[in-house]
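Here the structure comes first, spelled out in structure tokens, and everything after it is commentary.
The values are calculated or read from the model by the stated rules, or taken from the named source; none is laboratory data. What you see is a predicted model, and the numbers here were worked out from it, not measured in a lab. Every residue, glycine among them, receives a Cβ derived from its backbone with ideal geometry; neighbour counts consider all protein chains shown. To get the accessible areas, we keep the full protein, side chains included, count just its heavy atoms, and leave off ligands, DNA and RNA. Shrake-Rupley method; radii C 1.70, N 1.55, O 1.52, S 1.80 Å.
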Amino acid sequence: MNDWKQKLMLFMQGRNGLDALGIFSTKVYIALVIINMLLRGRLSMLLTILLVVTVYRLFSKNIAQRRIENEKFLAYQKKAQKQFLQIKNRIKERNTHRYRRCPNCKTMLRLKKQTGAVNVHCPVCKTDFTVNIKF
């Protein structure tokens, strides 16, 4: 058994291996396989392409390029998680707060729920503006 382990380690030496993008694409592949079973094989071409790309990235020796791809994926993932958290907080605080963007710097501001015209001071760009909150 150790002989196979050493052979696998030697084979993978200098290759990209599994990273966050590889794990994500594997999970997407498994989900699409399940959906494909429900759709009776209509996604087979997409599944084949995704599998080839995932395996290619796994065994690739161009580690620098794969690292750049993974960093871009992690940046998108972080942005998506931040947006999801903002939506979650907006739903959770819908009875006590309102969220509005600063017209100057586009920063999302959390305001206490007050109906009517509210004067707001942006902490980022120091701009004063008025927001009309209807409900």
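At a glance:
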quantity: Whole-angstrom gap from the range 71-111 to the range 15-47, using each part's C-alpha centre; calculated: 30 Å
quantity: Whole-number Å³ per residue for the convex hull built on Cα positions in the range 45-127; calculated: 163 Å³
quantity: Accessible area of residue 45 in the full protein assembly, 1.4 Å probe (Å², nearest 10); calculated: 140 Å²
quantity: Bins of 10 Å, starting at 0 and running to the largest distance - Cα pair percent for the range 1-85; calculated: 16, 34, 32, 16, 2
quantity: Computed P(r) (all Cα pairs; the range 38-79; 10 Å bins; percent); calculated: 25, 35, 30, 10
quantity: Amide hydrogen neighbours beyond the local backbone of residue 118, cut-off 5 Å, H modeled; calculated: 131, 132, 133
quantity: 3J(HN,Hα) from dihedral phi, the range 88-104, Karplus parametrisation 6.51/-1.76/1.60, rounded to Hz, x for glycine, proline; calculated: 4, 5, 5, 5, 5, 9, 5, 8, 10, 9, 10, 10, 9, 8, 6, x, 8
quantity: Long pairs among 88/112; 7/61; 82/126; 78/126; 27/92, criterion Cα-Cα beyond 19 Å; calculated: 82/126; 78/126; 27/92
quantity: Full-stretch length increase - residue 11, residue 112 - with 0.36 nm per residue and alpha-carbon distance subtracted; calculated: 30.4 nm
quantity: Calculated from backbone phi, Karplus (6.51, -1.76, 1.60) coupling profile of the range 7-15 in Hz, x at Gly/Pro; calculated: 5, 5, 5, 5, 5, 7, 4, x, 10
quantity: Built amide H within the under 5 Å cut-off of residue 109, gap 5+; calculated: 100, 101, 102
quantity: Burial ranking of peptide ranges 63-71, 114-122 (average Cβ count within 10 Å, highest at the top); calculated: 63-71, 114-122
quantity: Rounded to 10°, Cα long-axis angle of helix 44-59 versus longest principal axis of the chain; calculated: 80 degrees
quantity: Karplus 3J(HN,Hα) series, Hz, for the range 122-135 with 6.51 cos²θ - 1.76 cosθ + 1.60 (x for Gly, Pro); calculated: 6, x, 7, 9, 6, 8, 9, 8, 10, 10, 9, 9, 7, 9
quantity: Accessible solvent surface per residue of the chain, calculated while the other protein chains remain in place, 1.4 angstrom probe, Å²; calculated: 81 Å²
quantity: Amide H within-cut-off set for residue 97, under 5 Å, with H built and near neighbours excluded; calculated: 113
quantity: Most positive-pole-ward Cα, 33, 86, 132, against dipole of the chain from beta carbon charges; calculated: 132
